[in-house]
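Engineer: Next up is a structure, given as structure tokens.
The values are calculated or read from the model by the stated rules, or taken from the named source; none is laboratory data. Computed from a predicted structure; not experimentally measured. Here Cβ is always computed from backbone atoms with ideal geometry, including for glycine, and neighbour counts include all displayed protein chains. Ligands, DNA and RNA are stripped out before the accessible areas are found, and what is left, the full protein with its side chains, is counted by its heavy atoms. Shrake-Rupley method; radii C 1.70, N 1.55, O 1.52, S 1.80 Å.
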Amino acid sequence: MVSPLALAVSACGGGETSEINDETSSDLVNNDNLISTNYTEALDFSSVSNGLEVPSTSTQVLERLQQQYDTSEYFYAVMGSPNVIHMPNEEDSDIVLIPSWYAYEPFLPAVSLTKDDTNTLVLGQFDEAATIGWARNWAEIVVDGKTMVVIADHGHELSTGYNTWKFGDVWLADFSGGGEFALTPISSENAFYHDIDVGDIDGDGLDDILAIHMGIKDGDPSPLHVFFQQEDGSFDQQIGFMDFSSELPELGGAAGALVDLNSDGQLEIIQTAYVQRDFPNWDMDHQFRVYGRDANGDFALKFSAPRSGEAAGFGSSNVYDADIDMDGDADLILYMEGGGDMQGIQIWENEGNFNFTEVTDDWLNIGIWSNQEFSNRDFSIADLNGDGFLDIFFNGFGPNNYQEYGTLNLGAYIFLNNNGENFVHLMDEDGLVIEADDGKEVAHSRFYQSNENSFEVFLINHDNSFGLVEISHSAFDGIIA
């Protein structure tokens, strides 16, 4: 999902590393001391903002932010870019921000944040040579024994039309600690890479990459590209990997996943479709496919999920596997886009033998909404309250219809798992609403990490600052009987 802010901005020029004010604001806590916030002071990005311009359609928005918060041009791009890369399974991971003007050139420098000894985020380093147009999705991967992040970059979707789009790459992000990082492209073909997942596809004990693209100008048109990891940590992009599906009508490439659905030690492939459109000879009747191994060990179609429910005409931009009902197998949760201003989620129950049933209405009271109501980019799945059931945290933009000005309604982003029976949207829980001082109205929030008795959320605020919010598991006591 593209932020309205991101669609509005453009730039030219670059800059040098900026200075930072490393004094931090006092921690703020709610009345029960179950939620704590740790904000940075406003950071000085002026040196990387010099020369940056925004288009005439966005100057009024930026001028308003500058008058109220002295927002810099570079931070304006950060606010509108949900490209927040980190490793949630690595404790206190550094964070790499890859801002972009999305529909406009040039590329912008990437910047890292790292935690200091007071658990406060401080500036790490800039990479002014970064050429990532839009870090659409990413996943953790072990490369040559080290945990990294692999990024699906769809490039610059330029406003001047499809023929001018700058298609992207698959990248590795290597975090070295202390804010140091390196971004390296590994793809041999540029494409509109839209999603990414990681797993050992060929059974050699090494993490391989499944990259899903929505278009390519010169190269393998098949929407699924596989990168096999070699023993030296390099990757071999296998051209023609999807030849096994050549007899099937085209489903398209929107999102994908590698999942062991039947617990046999081999990974199946999930391929999802995008928005329902009138493309001749395409399969517009199905939402996703499951490919598994046949008797010869080759991939073959095992299941096609029919489009259904309120989001039947929507497209999927993410697919997650999670055993949400704790019955021992992986269910599927799809993040859906409507091709306009609608979005939502679908939930598919794993019935075994590669069969799935859509059960969204059983799990959710509301499964779709407009961007104006609740604007999100994707979501994270984690046990947010320590009860052993997996919950959903929406990584989204703010403010939204569920919070008043001057507040941060954390519950608006949380769908809590009710003992494996349904999800409860916590939008009306006063105990999860905290004050947001002037400038701390959230531009973007993202799940950061799980701790032993809490979890943390990363915030991008309006006033050139960042923050971390830690929510205790006890904050959810009594919410679900």
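Engineer: Over segment 29-132, calculate the relative contact order: mean separation of alpha carbon pairs under 8 Å at least 6 apart, over the residue count, as a percent.
Structural biologist: Taking the mean separation of contacting Cα pairs over the length of segment 29-132, I get 18 percent.
Engineer: Among the lysines, which fall within straight-line cross-link reach of Lys440, defined as a Cα-Cα distance under 21 Å, with same-chain neighbours fewer than 8 residues apart omitted?
Structural biologist: Qualifying lysines at Cα under 21 Å: Lys115.
Engineer: Could I ask something else about it? Any idea what diffusion coefficient the chain gets from Stokes-Einstein, in µm²/s, Kirkwood Rh on alpha carbon pairs, 25 °C, 0.890 mPa s?
Structural biologist: 107 µm²/s
Engineer: Could you give the length gained by full extension between Asp438 and Asp387, i.e. 0.36 nm per residue of separation minus their alpha carbon distance, to one decimal place?
Structural biologist: 14.9 nm
Engineer: Could I ask something else about it? Just want to confirm a number: the relative contact order over the chain, from Cα pairs under 8 angstrom separated by 6+ residues, in percent.
Structural biologist: The value is 11 percent.
Engineer: Note the per residue figure in Å³ for the convex hull of the C-alpha positions in segment 351-469.
Structural biologist: Considering the Cα atoms of segment 351-469, their hull volume per residue is 124 Å³.
Engineer: Next question. Find how many whole Å separate the alpha carbon centroid of segment 426-472 from the alpha carbon centroid of segment 381-417.
Structural biologist: 9 Å
Engineer: Provide the packing ranking of 87-94, 345-352, i.e. peptides ordered by the mean count of other C-beta atoms within 10 Å per residue, highest first.
Structural biologist: In decreasing order of mean packing, 87-94, 345-352 become 345-352, 87-94.
Engineer: Could you state the accessible area per residue of segment 165-294 in Å², with a 1.4 Å probe and every protein chain left in place?
Structural biologist: Per-residue accessible area for segment 165-294 comes out at 40 Å².
Engineer: Then there's this: What ³J(HN,Hα) values, in whole Hz, does the Karplus curve 6.51 cos²θ - 1.76 cosθ + 1.60 give for segment 122-128 when θ = phi - 60°, with x put for Gly and Pro?
Structural biologist: 10, 5, x, 8, 9, 10, 7
Engineer: Step through the residues of segment 393-398 one at a time and calculate ³J(HN,Hα) from phi using the Karplus curve (6.51 cos²θ - 1.76 cosθ + 1.60, θ = phi - 60°), rounding each to whole Hz and writing x for Gly and Pro.
Structural biologist: Couplings: 10, 7, 8, x, 8, x Hz.
Engineer: I'd like the carbon and sulfur percentage of the solvent accessible area for the chain, probe radius 1.4 Å, heavy atoms only, ligands and nucleic acids excluded.
Structural biologist: Carbon and sulfur together cover 43 percent of it.
Engineer: Sort 102-115, 301-314, 194-207 by the packing proxy (mean of other Cβ within 10 Å over each peptide's residues), most packed first.
Structural biologist: Result, highest mean Cβ count within 10 Å first: 102-115, 194-207, 301-314.
Engineer: Express the accessible area of segment 32-124 per residue in Å², computed with a 1.4 Å probe while the remaining protein chains stay in the model.
Structural biologist: 38 Å²
Engineer: Please identify which residues in segment 215-251 have an amide N closer than 17 Å to a label point set 7 Å out from the Cα of Gln266, following the Cα→Cβ vector.
Structural biologist: Counting only backbone N, you get 242-245.
Engineer: Hey, another quick one. How large is the Kirkwood hydrodynamic radius of segment 301-347, counting all unique pairs of alpha carbons, in Å?
Structural biologist: 11.7 Å
Engineer: Counting alpha carbon pairs within less than 8 Å and at least 6 residues apart, what relative contact order, in whole percent, applies to segment 61-184?
Structural biologist: Relative contact order for segment 61-184 comes out at 19 percent.
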